[in-house]
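K.L.:
One structure, pasted below without further comment.
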Amino acid sequence: MALQLASAVTDGFRRALTRTGGVLFAVLFATQLSLLASLNTVLAAQAPPEAASLIGLTLPVSDSVAGALLLATLVLNAVSLVVIARAYARPMSRLSSFPAALVTRRIGRATLSTLVGGTVVFVAVTIGLAFLFLPGIYLSACLLFFVFAVGVEDRGVVGALERTWSLSRGNRLRLAVVVLLGGVGGAVVGVVPAVFQLAGAAALGDVASALLNAVVFTVVYGVVAAAYLQVDSSGGGLGGSGTATTPRADSSPDV
């Protein structure tokens, strides 16, 4: 099915403004803050004293504890991506609720697939970006729906990679626009820590960066979800054309 980009962007913003969007914003903010703080704490333990003021937000724990927290947060981040895909890939009428099944259904398998497949996607896109940039954008567009294939459709790593490649076919130029919009948003937010660092408030800059990143990607994931619902005409995990007739993700009581 041909992707209607303007409709996907509009729908994505609407999804971000629902209760589900608010929950996902909070999750993204918390994971971003934990990643930054734990990583900074590990780096601070290795940095010379004169560089300490440049590192930013840190935790009052040892570098080994911070390292363990960093690994735990990376796993939690994979869980959050699965939950985001499941939560957003529902009809708009259901986004005022947040069923427990979004978090509990086959979450271990989905998290492992996201970690393994996400590493494959990251390496492929990074190599693509190193070769004149455009191959990386192309691969990002081709693999944009990977986490939806894992989280919503319960596919394994190989099946999810095949599925996202298939879903993107015929729409990759439009999906590349979504990738670029997300990249521009991330790049703009990336300037924030440097500005606060120059003002001598590196820790506050990390908090502001995590907050703005959460805002940007709450919207971006909403747009990607809307695009996924448009192109999922086979109903691979949502009951046909994104109508979410399957009860798997919505059958548990709201939390």
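K.L.:
Could you say which residue among Val9, Val82 is in contact (Cβ under 8 Å) with a residue 40 or more places away in the chain, buried (at least 21 other Cβ atoms within 10 Å of the Cβ) and β-branched (Val, Ile, Thr)?
P.N.:
Val82
K.L.:
Could you say whether any residue in the stretch 106-119 is touching a Phe, Trp or Tyr at 6+ places or on another chain (Cβ under 7 Å) and buried (at least 18 other Cβ atoms within 10 Å of the Cβ)?
P.N.:
Yes, the stretch 106-119 contains a residue that is touching a Phe, Trp or Tyr at 6+ places or on another chain (Cβ under 7 Å) and buried (at least 18 other Cβ atoms within 10 Å of the Cβ).
This table checks each residue for (1) within 19 Å of the chain's Cα centre (by Cα); (2) in contact (Cβ under 8 Å) with a residue 24 or more places away in the chain; (3) open to solvent by less than 40 Å² (accessible area, probe 1.4 Å); (4) closer than 28 Å to Val152 by Cα.
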{"site": "Glu50", "(1), (2), (3), (4)": "no, no, no, no"}
{"site": "Leu54", "(1), (2), (3), (4)": "no, yes, no, no"}
{"site": "Thr58", "(1), (2), (3), (4)": "no, yes, no, no"}
{"site": "Asp63", "(1), (2), (3), (4)": "no, no, no, no"}
{"site": "Ala78", "(1), (2), (3), (4)": "yes, yes, yes, yes"}
{"site": "Ser96", "(1), (2), (3), (4)": "no, yes, no, yes"}
{"site": "Thr104", "(1), (2), (3), (4)": "yes, yes, no, yes"}
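K.L.:
Okay, moving on. Across the stretch 120-152, which residue is most open to solvent (accessible area, probe 1.4 Å) among those that are farther than 30 Å from Val103 by Cβ and not in a helix (DSSP H, G or I)?
P.N.:
Leu132
K.L.:
Here's something else I'd like to know. Can you confirm whether the stretch 159-173 contains a residue that is open to solvent by less than 20 Å² (accessible area, probe 1.4 Å), farther than 19 Å from Thr218 by Cβ, part of a helix (DSSP H, G or I) and not polar (S, T, N, Q)?
P.N.:
Yes; the residues of the stretch 159-173 include at least one that is open to solvent by less than 20 Å² (accessible area, probe 1.4 Å), farther than 19 Å from Thr218 by Cβ, part of a helix (DSSP H, G or I) and not polar (S, T, N, Q).
Okay, residues lined up against (1) touching a residue at least 12 places away in the same chain (Cβ under 8 Å); (2) under 25 Å from Ala194 (Cβ atoms); (3) surrounded by 20 or more Cβ atoms within 10 Å (Cβ to Cβ); (4) of a type in the set (D, E, K, R):
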| residue | (1), (2), (3), (4) |
| --- | --- |
| Gln4 | yes, no, no, no |
| Ala16 | yes, no, yes, no |
| Ser38 | yes, yes, yes, no |
| Thr41 | yes, yes, yes, no |
| Gln46 | yes, yes, no, no |
| Ser93 | no, no, no, no |
| Pro99 | yes, no, yes, no |
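K.L.:
Shifting gears a bit: Quick check on Tyr88: is it touching a helix residue (DSSP H, G or I) at 6+ places or on another chain (Cβ under 9 Å), closer than 22 Å to Ala176 by Cβ and open to solvent by less than 20 Å² (accessible area, probe 1.4 Å)?
P.N.:
yes
The values are calculated or read from the model by the stated rules, or taken from the named source; none is laboratory data. Since the model is a prediction, treat every value here as computed from it, not as a measurement. Positions of Cβ are backbone-derived with ideal geometry, glycine not excepted, and every protein chain shown enters the neighbour counts. These accessible areas exclude ligands, DNA and RNA; they are computed on the full protein's heavy atoms, side chains included. Shrake-Rupley method; radii C 1.70, N 1.55, O 1.52, S 1.80 Å.
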